[in-house]
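Everything below concerns the one structure shown next.
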Amino acid sequence: MAEAEVLYSDIKFKRARGNTDVATPSTDEPTYSEVKTSKAQRPAELPASNRRSGVTSERVALLVLSVLLAAAVTALVVTLYENTQTKKSLQKSLQKYQDEAKNLTERLSNKESCKVEQPGKLPLVRDKTCPGYKDGWEPHGEKCYFFSLATSSWTQSRTQCKSMSGDLVVINNREEQEFLVSRLMEKMVAYEDKFWIGLTDSKKENEWIWVDDTQLDPRLTFWLGKDPDNWTNENPDGEDCARMGEKDGDKDLKTWVDKSCESLQKYICEKP
Ligand SMILES: [Ca+2]
Ligand SMILES: [Ca+2]
Ligand SMILES: [Ca+2]
């Protein structure tokens, strides 16, 4: 018998009082007999309900597996979605940073081009200071320049320059002309807001002399249009002093015009 199989037995007999010879009990004397048995239940004899229970367990297991599989798939989908969102977010951020970097580069590039001050070929040395820089003198090359805010006649303007240890500007080369043209493009507030330079033909008509007594080199002139025309409508004495400046500049740097020396103009001074 297997361990799980249990047999119970409980038998009770009652003997008659005072009669030991007779083994047969009288009919009025009751005899008790009670037998309880319990047999092991073999697997093959499992009731139908238990078999159903086994099938149900398999179904439950299958259901649990299905739920776990569904959960795993859901988690995978959520992770994939989150990764996609993160990737999109990173791409947006990257694009934003790239745009900002591009803007910054363009702004820096513009700033650099302003420093160079086209059409000048040589970069300006603005950090080098000039004597009297607090009054507005600014360096360029080995010289210092002053662009006046006030207006005066050509002669008065020259006096002003001399009072500041300089003289009206003498343009010695094309590069110096380029520098002055570009500075005047910034400073001029109107088309007639031109500046006296140190050039005059007051001694002899059409014989132009710089204030340092050098003759004007015909290969290095920047007359604008039909000037010098010694126009006499404004002053019967004609026009014997030179002024310069084109608010919009000129690709050939042609910005000089002759003007009556009594006209009130701004002026450019130069000193070493
Ligand atoms: Ca000069
Ligand atoms: Ca003249
Ligand atoms: Ca003229």
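Table for the structure above
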{"item": "Karplus 3J(HN,Hα) series, Hz, for segment 251-258 with 6.51 cos²θ - 1.76 cosθ + 1.60 (x for Gly, Pro)", "result": "5, 9, 6, 7, 9, 8, 9, 8"}
{"item": "Charge dipole (debye, nearest 20) of segment 133-271; +1 at Cβ of Lys and Arg, -1 at Cβ of Asp and Glu", "result": "380 debye"}
{"item": "Label-to-label distance, nm, for residues given as LYS102 and VAL77 (7 Å Cα→Cβ offset)", "result": "3.8 nm"}
{"item": "Listed peptides 192-198, 67-73 by packing density, highest first (mean Cβ within 10 Å)", "result": "192-198, 67-73"}
{"item": "Two-decimal Rg/Rh across segment 145-201, once Rg and the Kirkwood Rh are taken from alpha-carbon atoms", "result": "0.94"}
{"item": "Nonlocal amide H pairs with LEU199, under 5 Å, H built at 1.01 Å", "result": "ALA242"}
{"item": "Gyration tensor (Cα) of segment 149-238, equivalent ellipsoid semi-axes in angstrom", "result": "19, 17, 17"}
{"item": "Restraint check, LYS187/LYS226; LYS102/LYS143; LYS134/LYS226, Cα-Cα greater than 32 Å", "result": "LYS102/LYS143; LYS134/LYS226"}
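We did not get these values from a lab; they are worked out from the coordinates using the rules stated. Just so it is clear, the model here is predicted, and its values are computed rather than measured. Neighbour counts are summed over all protein chains in view; Cβ atoms, including those assigned to glycine, are modelled from backbone coordinates with ideal geometry.
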